[in-house]
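Enquirer: The structure is given below, and queries will be raised subsequently.
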């Protein structure tokens, strides 16, 4: 049974590393902050979840800590990515080659020139 758990932990380590690597490559290669947030906000989070699951399997004394960390990462990641992208949009960081569906809709409470 321990061999099966070690094999599962190894598989999760490989998957977590692969997802994290894909997230880093997306962060480096993608053109603007919005698409970079997509790569880091989605792919890297699941890489971290897989790595935490592997750590939990290899060190079963920390099960509740790992599950709590996974919960908080999955709960906070969408809100953090949204806050960063909203802040970038409001400060005028341009979109690269994309249409801007929000243009003119966020100036409701702001003064216009």
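The values are calculated or read from the model by the stated rules, or taken from the named source; none is laboratory data. Not measured: the values here are computed from a predicted model. Please note: Cβ atoms are built from the backbone with ideal geometry, for glycine as well, and neighbour counts cover all protein chains shown.
Enquirer: Assess whether residue 20 counts as being buried (at least 16 other Cβ atoms within 10 Å of the Cβ) and at pLDDT below 90. Before the answer, list the steps.
Expert: Values: buried (at least 16 other Cβ atoms within 10 Å of the Cβ): yes; at pLDDT below 90: no.
No.
Enquirer: Note down all Cβ pairs under 9 Å where the first residue falls in the range 95-106 and is on the phi > 0 side of the Ramachandran plot, the second is modelled with pLDDT of 75 or more, and they're at least six residues apart or on different chains.
Expert: Here the result reads 97/31; 97/32, each pair linking the range 95-106 to a residue that is modelled with pLDDT of 75 or more.
Enquirer: Separate question: Determine whether residue 43 is crowded, with 17+ Cβ neighbours inside 10 Å and modelled with pLDDT of 90 or more. Break it down into steps so the answer makes sense when it comes.
Expert: Working: crowded, with 17+ Cβ neighbours inside 10 Å: yes; modelled with pLDDT of 90 or more: no.
In short, no.
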